[in-house]
Amino acid sequence: MEGAAQTLLSNAGQLLSSEYQQLRGVGGDVAELRHELDAINALLIMQSEAEDGAVDRFLHVCMRQLREVAYDAEDCIDLYRLRIRSRPNDGVRAWLGRLLGTLPSRRRLACEIRALRARTLAISERQARFGVNRDALRRSPPLLPAPMTVSAPANDADRRHRLVGIAEQADKLAARLKAPVGDEGERKAVFSIVGFGGLGKTTLAMEVCRRLEAEFPWQGMVSVSQAFEPSRDLKVLLTNLLRQVVKPETADDRGIKEEAALGAIDHLDDNGLAKRLEELLVDKRYLVVIDDVWSVRAWEAIQSKLPENNKGSRIILTTRIETVANACSPASFSGLCIHKMEPLKLEDSKKLFISRVFGSMDVAYPKEFEDVMSDILKKCGGLPLAIISIASVLVGYKSPGGKDKWDRVCKSLGSQMEIHPTLEGMKHIVTLSYNHLPHELKGCMMYFSIFPEDYVIRKGRLLNRWMAEGLVHQKRGLTMWEVAESYLDELLSRNMIEEAGHLGGYAWTAQTYRVHDMLLEVMVSKSLEANFLSLHGGQYKGMLYDKIRRLSIHADVESVDSIAKRNVEGRRGEDNLNIQHVRSLSMFQLHGQHKLLKKLGNFVLLRVLDLEECEGVTNKHVRYACNLYLLRFLSLRATNISKVPRQIGNLEHLQTLDLGTTLLTGLPKTITKLEKLEYILFSNKDNHWGSMWTMPRGINKMKALHVLRGVSLGNDSKVAQEVGELEELEDLDLSIDINKAIDEEVLKELALSISKMHSLRCLSIGRHGSSNDGGKILNFLHHLPTPPRLLRTLRITCDIINGLPRWIGSLTHLVSFTVLLTTLTGDELFGVVCMLPNLKTLYVYWDCYSGDELAACTSHKFLVLRDLILGGYLPKVIRFEEGSMSMLEMLELRFNGRSKHVAERSIVGIEHLTNLKKVTLHCRGDYHALVVDTVLEQMKAENDRRSRSNQFQIAVKYR
């Protein structure tokens, strides 16, 4: 529950400032409660930042009790808002009536607040009585790791097993270390190995050192602690390094003297050690490994003490954080000097696992282990540390009778890490990355434990849930969404999460993310320990919880129904599950009808209701949800609901409303009452292009809107004008209904509105409907007074007379441009966007080009274009001239449309794409197999002409 108490302070502050008058005598108690929460928050942050071993069990219990007080305080404040709140339109008589009618509730609130304060005092007294103080929460100076040496494994067999899946990487990295780097000549260069903990970074670095012993005779390897402090730890690190790199050259007296000379270094300070290191290595070609660097500051302190020489010396740095790797290696050669570790492939994972359990990669093993082995390797996700650790536990269970043990370990991996010494080390390595997170990111990282294993999470869904839960805190000069994005970027940089691609593989669709199973197990363990989350279903079926704060149900209808059964109103006893404190309810992979959905009215404090893809959700359940006054996040995405009641307007705290891919054809006009709503997504699963939500009059009252997707513009100039009053709008997905006669005045007002949207970052505009008369309806885009200058993403889906608007070429911030169903010729496509300084992705699809040849000419510079996706009715020839797309890394061709010249398609000038890394060919059905084969042969021929280091990957996908 990291960060939750901070949210409580905000809530208490709002309670005091905006509704203090209603409390009268209770106000002083609320003020005292806020002070208590302030102290609790400080203690929770201190615990979050303390070292794992610094907090004893008793203090853990006390901190858990304080968390529960913080949670209950927030419940208390939310119940006040629910029962005693004032109404904006209340007159004097209504206000007096409410004041008298809520006297019992206010007295109950006063009692609850006093009880909460008494609980905090009792916890404090208990700590004092047992002699516990806050010093245990302070960060203790970490011990610097012992000196590491680059030594060979005990035997060749052990080395072969250790290097499964890494040997090829060692070959490539060793070759890069031996080669000159850019214009640096023989100066030292820094190479970074980056990847999540347990991927084998240290193993790779040690193997590279072993292979380069002849080229680099003077070698050393030191590890950096997570909380490295230069003033405290640098001397020990330099001493360890000196003792390794200074080796006797022979076994004669000179070696003895050199060892003796090192004895004096214990009395040297940092500068003295650095000078000694420089004297010894100034004329030597050395290779030094700085292992597990956690910050740029730590690296800069270490790097400043490493000697310069002109012998081509090398430094290998390993880190879990990409921003550290980018800062440490030369910016101009980052592609060469940064090696990103990848998980082991399934085949290599299996070899490593079998070799550890059975002693050899080639040994015959009982086939009954095959299925459970596959499940274990799936959980390991290519992480060598996880594979080795779990295999070590199962070494004693190799006979057929040991399968039960394998099943138990696989199903209860999280709890096994808590009790098994072999797995405890793996948990420690994985936990290090979590412990190093800033305090505000720990709650966001734990939040992933809500989702099932291997679950792919959309960016919008994740960030909006974070914000609704109060895990994102305001920062001056940034919107809450921008702060949430910065949190996400930081987790990506630290390799805590990974990108899982765009939905459906389309550039304009949502980016998705996932978490490694091993890290997820640790997050679940921490979440359960802190009562951050309660899980039901699967391996968590039958678990008992006291007060449930966040409830997540995984693929288990029986578990859902049992929860509903245990919540019969008025029932008492141990088996009764208390859901009145639940603030977040999520259901995943559920099918059929669920009794719990009928109990939605009991979740009075609910803020987040996420029923995405849940079968059995009906219009009746939507009515229940509309009574949850405190709701901030509501997702009914991919359900079969067909109507939203007018009561949706009562959810005045709602921030996110996701109604994508439902059976809805519209929304009630009361939606405009939701003045705090920031995010609306609407689409129809059966007829996406024909059923949109037509914006009503009054849309301008929704001043908080940041994202508005899946909306349609009717023939109403007033609505077209009101859209321009949404000053906070950053993302607009707007379609024009061509089944209706649209007046020119409406389109003029829309053009003016788009010009006023100074905050707009993403614009998708097109048409929908079955009429053939609206092909030129987007022609008004030529007449925008001024385009939204800060656009980063633009998508146009409709034909426009005279090609694309020229103002697109002035969008200096544009990163991604997608164009569909626009019949362009000649220079009307590339000629408009080729000079955009930040354009990285260009997606051209579905009948966008009508000529026989699409040419990227030499004059089309495309300064930073990385990805080019061409699809649909592709021209006969696609030509790349020299210098046109020199930075292009990914070329994707989607053959989906019919053509008279199927077998004659050709790609000309592929040799000019010198930076190309990957070519993907998509083919829909058998019709285009011939053209794909033709282009595939062209790609293979080009690869054969290239040097091995400059070849690109070729992938073919059939649908």
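The values are calculated or read from the model by the stated rules, or taken from the named source; none is laboratory data. Note that the structure is predicted; figures quoted are calculated from it, not measured. A quick note on method: Cβ atoms are made from the backbone with ideal geometry, for glycine too, and the neighbour counts reach across all protein chains shown. For the accessible areas, the whole protein counts, side chains as well, though only heavy atoms, and no ligand, DNA or RNA atoms are used. Shrake-Rupley method; radii C 1.70, N 1.55, O 1.52, S 1.80 Å.
From the list 590, 577, 544, which residue is modelled with pLDDT under 70, more than 14 Å from residue 449 (Cα to Cα) and either touching an Asp or Glu at 6+ places or on another chain (Cβ under 7 Å) or exposed (fewer than 15 other Cβ atoms within 10 Å of the Cβ) (or both)? Break it down into steps so the answer makes sense when it comes.
Details: 577 fails: either touching an Asp or Glu at 6+ places or on another chain (Cβ under 7 Å) or exposed (fewer than 15 other Cβ atoms within 10 Å of the Cβ) (or both); 544 fails: modelled with pLDDT under 70.
Matching residue, one of 590, 577, 544: 590.
Could you say whether any residue in region 293-301 is surrounded by 20 or more Cβ atoms within 10 Å (Cβ to Cβ) and outside any helix (DSSP H, G or I)?
Within region 293-301, the subset surrounded by 20 or more Cβ atoms within 10 Å (Cβ to Cβ) is 293-294, 298-299.
Now restrict to residues that are outside any helix (DSSP H, G or I): 293-294.
Yes, region 293-301 has at least one match.
Take region 90-110 and flag every residue that is open to solvent by 80 Å² or more (accessible area, probe 1.4 Å) and modelled with pLDDT of 70 or more. Step through it out loud before you land on a result.
In the first step, residues of region 90-110 are kept if they are open to solvent by 80 Å² or more (accessible area, probe 1.4 Å); the result is 92-93, 95-96, 100, 107-108.
Selection gives 107, 108.
Of everything in region 460-480, what is of a type in the set (D, E, K, R) and open to solvent by less than 50 Å² (accessible area, probe 1.4 Å)? Give them in sequence order. Working first, answer last.
Just the residues of region 460-480 that are of a type in the set (D, E, K, R), to begin with: 461, 465, 469, 475-476.
Scanning region 460-480 gives 461, 465, 469.
Residues in region 204-226 that are surrounded by fewer than 19 Cβ atoms within 10 Å (Cβ to Cβ) and under 30 Å from residue 427 (Cβ atoms): how many?
Going through region 204-226 one residue at a time, the tally reaches 3.
Determine which single condition residue 284 fails, assuming it passes every other condition in (1) modelled with pLDDT under 85; (2) of a type outside the set (Gly, Ala, Ser); (3) part of a loop (DSSP other than H, G, I, E, B); (4) open to solvent by less than 40 Å² (accessible area, probe 1.4 Å).
It fails just one condition, (1).
Select from region 602-629 the residues that are within 25 Å of residue 472 (Cα to Cα), open to solvent by 10 Å² or more (accessible area, probe 1.4 Å) and out of contact with any strand residue (DSSP E or B) (no Cβ under 7 Å at 6 or more places or on another chain) and list them in ascending order.
Across region 602-629, the qualifying residues are 604, 629.
Might you let me know whether region 484-495 holds any residue that is touching a residue at least 60 places away in the same chain (Cβ under 8 Å) and of a type in the set (Ser, Thr, Tyr)? Before the answer, list the steps.
At the first step, the residues of region 484-495 found to be touching a residue at least 60 places away in the same chain (Cβ under 8 Å) are 492-495.
Now restrict to residues that are of a type in the set (Ser, Thr, Tyr): 493.
Yes, there is a match, as at least one residue in region 484-495 is touching a residue at least 60 places away in the same chain (Cβ under 8 Å) and of a type in the set (Ser, Thr, Tyr).
Going by the conditions given, is residue 822 at pLDDT below 90, among the polar types (S, T, N, Q) and either under 30 Å from residue 728 (Cβ atoms) or open to solvent by less than 10 Å² (accessible area, probe 1.4 Å) (or both)?
Values: at pLDDT below 90: yes; among the polar types (S, T, N, Q): yes; either under 30 Å from residue 728 (Cβ atoms) or open to solvent by less than 10 Å² (accessible area, probe 1.4 Å) (or both): yes.
Criteria met by residue 822.
How about region 481-506: which of its residues are part of a helix (DSSP H, G or I) and either open to solvent by less than 40 Å² (accessible area, probe 1.4 Å) or not acidic (Asp, Glu) (or both)?
Our first condition is that a residue be part of a helix (DSSP H, G or I); within region 481-506, this holds for 481-493, 503-505.
Passing the criteria: 481, 483, 484, 486, 487, 488, 491, 492, 493, 503, 504, 505.
Pick out the one residue from 827, 799, 852, 847 that is surrounded by 19 or more Cβ atoms within 10 Å (Cβ to Cβ) and of a type in the set (Asp, Glu). Quick ask: steps written out before the conclusion?
Working: 827 fails: surrounded by 19 or more Cβ atoms within 10 Å (Cβ to Cβ); 852 fails: surrounded by 19 or more Cβ atoms within 10 Å (Cβ to Cβ); 847 fails: surrounded by 19 or more Cβ atoms within 10 Å (Cβ to Cβ).
Checking each option against the conditions leaves just 799.
Out of 519, 535, 471, 478, I need the residue that is in a loop (DSSP other than H, G, I, E, B) and modelled with pLDDT under 90. Which one?
Details: 519 fails: in a loop (DSSP other than H, G, I, E, B); 535 fails: in a loop (DSSP other than H, G, I, E, B); 471 fails: modelled with pLDDT under 90.
None of the other options fit; the residue is 478.
For region 722-736, does any single residue satisfy the condition of being aliphatic (A, V, I, L, M), more than 29 Å from residue 840 (Cβ to Cβ) and out of contact with any Lys or Arg (no Cβ under 8 Å at 6 or more places or on another chain)? Break it down into steps so the answer makes sense when it comes.
From region 722-736, those aliphatic (A, V, I, L, M) are 723, 726, 729, 732, 734, 736; that's our starting set.
Checking which are more than 29 Å from residue 840 (Cβ to Cβ) leaves us with none.
So far as region 722-736 goes, no, none of its residues is aliphatic (A, V, I, L, M), more than 29 Å from residue 840 (Cβ to Cβ) and out of contact with any Lys or Arg (no Cβ under 8 Å at 6 or more places or on another chain).
Taking the stated definitions as given, is residue 677 crowded, with 18+ Cβ neighbours inside 10 Å, closer than 24 Å to residue 617 by Cβ, of a type outside the set (Val, Ile, Thr) and modelled with pLDDT of 95 or more? So that I can check it myself, show each step before the final result.
Working: crowded, with 18+ Cβ neighbours inside 10 Å: yes; closer than 24 Å to residue 617 by Cβ: yes; of a type outside the set (Val, Ile, Thr): yes; modelled with pLDDT of 95 or more: yes.
Judged against the criteria, residue 677 is a match.
If we keep just the residues of region 358-379 that are modelled with pLDDT of 85 or more and open to solvent by less than 20 Å² (accessible area, probe 1.4 Å), which is nearest to residue 413 (Cα to Cα)?
Looking at residues that are modelled with pLDDT of 85 or more and open to solvent by less than 20 Å² (accessible area, probe 1.4 Å), I get 376.
Going by the structure shown, is residue 884 open to solvent by 60 Å² or more (accessible area, probe 1.4 Å), on the phi < 0 side of the Ramachandran plot and modelled with pLDDT of 85 or more? Spell out how you get there, then give the answer.
Working: open to solvent by 60 Å² or more (accessible area, probe 1.4 Å): no; on the phi < 0 side of the Ramachandran plot: yes; modelled with pLDDT of 85 or more: yes.
Against the criterion (open to solvent by 60 Å² or more (accessible area, probe 1.4 Å), on the phi < 0 side of the Ramachandran plot and modelled with pLDDT of 85 or more), residue 884 does not qualify.
Taking region 634-659 as the search range and keeping residues that are of a type outside the set (A, V, I, L, M, F, W, C) and crowded, with 23+ Cβ neighbours inside 10 Å, which one is farthest from residue 503 (Cα to Cα)? Steps first, answer last, please.
Looking only at region 634-659, we keep the residues that are of a type outside the set (A, V, I, L, M, F, W, C), and these are 635, 637, 639-640, 642-643, 645-647, 649-650, 652-653, 655-656, 658.
From what is left, the residues that are crowded, with 23+ Cβ neighbours inside 10 Å are 635, 639, 656, 658.
Values: 635: 18, 639: 18, 656: 20, 658: 16 Å.
Going through the qualifying residues, I end up with 656.
If a residue has to be assigned to a loop (DSSP other than H, G, I, E, B), of a type in the set (Gly, Ala, Ser) and touching a His at 6+ places or on another chain (Cβ under 8 Å) to count, how many in region 837-884 make the cut?
First, pick out the residues of region 837-884 that are assigned to a loop (DSSP other than H, G, I, E, B): 837-840, 846-848, 850-852, 857-866, 873-876, 881-884.
If we keep only those that are of a type in the set (Gly, Ala, Ser) as well, we get 850-851, 859, 883-884.
Next cut, touching a His at 6+ places or on another chain (Cβ under 8 Å) only: 883-884.
The number of residues fulfilling the criteria is 2.
For residues that are surrounded by fewer than 17 Cβ atoms within 10 Å (Cβ to Cβ) and among the basic types (Lys, Arg), scanning just region 150-175, find the one that is modelled with the highest pLDDT.
Here the residue is 172.
Kindly provide the set of residues from region 855-875 that are of a type in the set (Lys, Arg) and either loosely packed, with under 15 Cβ neighbours inside 10 Å or out of contact with any Lys or Arg (no Cβ under 8 Å at 6 or more places or on another chain) (or both), ordered by number.
Listed by number, the list holds a single entry, 861.
From the list 784, 750, pick out the single residue that is surrounded by 20 or more Cβ atoms within 10 Å (Cβ to Cβ), under 30 Å from residue 485 (Cβ atoms) and of a type outside the set (Lys, Arg).
Numbers: 784 fails: surrounded by 20 or more Cβ atoms within 10 Å (Cβ to Cβ).
Residue meeting the stated conditions: 750.
Condition check ((1) at pLDDT below 90; (2) surrounded by fewer than 21 Cβ atoms within 10 Å (Cβ to Cβ); (3) within 29 Å of the chain's Cα centre (by Cα); (4) of a type in the set (Val, Ile, Thr)) across all residues:
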{"position": "694", "(1), (2), (3), (4)": "no, yes, no, yes"}
{"position": "705", "(1), (2), (3), (4)": "no, no, yes, no"}
{"position": "710", "(1), (2), (3), (4)": "no, no, yes, no"}
{"position": "716", "(1), (2), (3), (4)": "no, yes, no, no"}
{"position": "719", "(1), (2), (3), (4)": "no, no, no, yes"}
{"position": "723", "(1), (2), (3), (4)": "no, no, no, yes"}
{"position": "738", "(1), (2), (3), (4)": "yes, yes, no, yes"}
{"position": "745", "(1), (2), (3), (4)": "no, yes, no, no"}
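Residues 617, 644, 604: which one is in contact with a Leu (Cβ under 7 Å, 6 or more places away or on another chain), at pLDDT 95 or above and assigned to a loop (DSSP other than H, G, I, E, B)? Even if it seems obvious, please write down each step before you answer.
On the way: 617 fails: at pLDDT 95 or above; 604 fails: at pLDDT 95 or above.
Criteria check complete, one pass: 644.
Give me the residue from region 547-574 that is modelled with pLDDT of 75 or more and crowded, with 19+ Cβ neighbours inside 10 Å and, out of that set, nearest to residue 410 (Cα to Cα). Explain how you work it out, then say what you get.
Of all residues in region 547-574, those modelled with pLDDT of 75 or more come to 547-554.
In the following step, the residues that additionally are crowded, with 19+ Cβ neighbours inside 10 Å were identified as 548-554.
Working: 548: 27, 549: 28, 550: 26, 551: 24, 552: 21, 553: 20, 554: 18 Å.
The qualifying residue nearest to residue 410 (Cα to Cα) is 554.
Which of (1) farther than 28 Å from residue 677 by Cβ; (2) in contact with a Ser or Thr (Cβ under 7 Å, 6 or more places away or on another chain); (3) not in a loop (DSSP other than H, G, I, E, B) does residue 766 not meet, given it meets every other one?
Only one criterion is unmet by residue 766, namely (1).
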